[in-house]
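Worksheet: one structure, shown below.
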C-alpha cells in the first residue's frame, strides 16, 4: 500500500513540473499598422494611422502600451532603405518618437486614429521614409508597418477671402485661389481644395469633399434649412507622389434658408352679417404653414391686408366692415426665417348689409 502511494505521488510531481510547448511570439504580437499615411504641412510632416486592436492570431489586443515611429532620410535617389526589424528596432532607421497610449502627447488621438507631426523633417527636397512599430505590455513588438516615403516640398499658402452665400438647402462657397507657396515662391500648380464643414459653431470640422484642380468655388447641397453650418477650406499640392497641405482658411458661417413659399389655401367661403364677415377655407397642403393672412378689397380696387390667424386655424372674422360689396382672399405664410408667403387663394365676394 505504501509503495503504491509513493508511485502516485511521483507521477503527480512529474505532471506538475511538465512544461507545454512555447508560444510562438509571432502569433501573439500586435498586428502591424496597415494604413500609415503622410502629408507635408507647414513646418513638418503629418503622419496618420490606425492603432492596431488585435494580435496576429486575431485575439483582441487589450494591453497596447506604445507606438514607435522610425525614420530614415536620403536625397531621394534610388529605392528607400528597406524596413527590417531586429531586436525591436528598425535597422538603419532612427527612432523619432515613442508614443505612449496612456499619454499620447505630442500625438493626437481620435478614436483609433493617431496623428503625429514630425517637426524635424523640414529640409526641402529631402526624402523621409517612415515605419511604425506597436508594442504591448508583455514585450511583444508588431511587424513593421508598410514603409511610407515623403519628399519635403513647400505646401501652398492658405486660401483667402472665403465667402459663403446661403440658398435653399445649399451654401455656395467662393474663395481666392492660392497663388504662392508657404516659402514665398510663386506657385505654378493648380491646387485642389478640400472643403471642410461643421454642423454648428462648436462641432469639429470634417472634410466633405475636394474640388477639381484650380477650382475657386463649390456648392454644398442637401443641407438642412435654418441650421448654421461652419466652413473652411485648405489647398493641396501634389508633387512626386507627395501631398502637401496648406493651413486652414478662416472659418465662415452660413445658414441655408427655405425660399419656397407654401401652396395657398383653397375653397374660401365668406359669410356676411351686419358689419361682419366670417371667412372659412381649406388649409394649405404644406406642413410648414405658420399663419394665414386675410386680404380685403372693394370691387374693382386693390386687396389690402386686414388680419391673420395662426395655423392650424382656418377661420377669420373681419369686424367693423362697412356696408357694401367686398372681395376677400387668403394666403399661407410658412415658418421659415424668410416667412415665405404663398400666392392668394381664389377670391370670394360678399355683400355686407
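Observations
- Filter result for the condition that a residue is closer than 30 Å to residue 341 by Cβ, at pLDDT 95 or above and not in a strand (DSSP E or B), over 263, 227, 172: 263
- Scanning the stretch 246-255 for residues that are crowded, with 19+ Cβ neighbours inside 10 Å and part of a strand (DSSP E or B) gives a single hit, 254.
- Answer residue from the stretch 61-91, given it is in contact with a strand residue (DSSP E or B) (Cβ under 6 Å, 6 or more places away or on another chain) and loosely packed, with under 14 Cβ neighbours inside 10 Å and is modelled with the highest pLDDT among those: 63
- Sole exception among (1) surrounded by 12 or more Cβ atoms within 10 Å (Cβ to Cβ); (2) in the same structural domain as residue 46 (by TED's automatic domain parsing); (3) touching a residue at least 24 places away in the same chain (Cβ under 8 Å) for residue 104, by number: (3)
- Single condition residue 258 does not satisfy, out of (1) buried (at least 16 other Cβ atoms within 10 Å of the Cβ); (2) in a strand (DSSP E or B): (2)
- Boolean, residue 32 is assigned to a loop (DSSP other than H, G, I, E, B), free of Cβ contacts under 8 Å to residues at least 40 places away in the same chain and more than 24 Å from residue 153 (Cβ to Cβ): no
- All positions within the stretch 291-314 that are in contact with a strand residue (DSSP E or B) (Cβ under 6 Å, 6 or more places away or on another chain), surrounded by 13 or more Cβ atoms within 10 Å (Cβ to Cβ) and part of a strand (DSSP E or B): 291, 292, 293, 294, 295, 296, 297, 306, 307, 308, 309
- Contacts under 7 angstrom Cβ, first residue in the stretch 67-83 being assigned by TED's automatic domain parsing to the domain that holds residue 121, partner loosely packed, with under 14 Cβ neighbours inside 10 Å and part of a strand (DSSP E or B), 6 or more apart: 68/95; 68/98; 70/94; 70/95; 71/94
- Count of residues meeting criterion [without any contact (Cβ under 8 Å) to a residue 12 or more places away in the chain, under 53 Å from the mean Cα position of the chain (by Cα) and at positive phi] in the stretch 260-300: 0
- Per this entry, residue 188 is not counted among residues that are outside any strand (DSSP E or B), within 25 Å of residue 110 (Cβ to Cβ) and not assigned by TED's automatic domain parsing to the domain that holds residue 44.
- Total residues in the stretch 143-169, condition more than 24 Å from residue 236 (Cα to Cα) and within 20 Å of the chain's Cα centre (by Cα): 2
The values are calculated or read from the model by the stated rules, or taken from the named source; none is laboratory data. These figures come from a predicted structure and were not determined experimentally. So basically every Cβ, Gly included, is an ideal-geometry build from the backbone, and we count neighbours across all protein chains shown.
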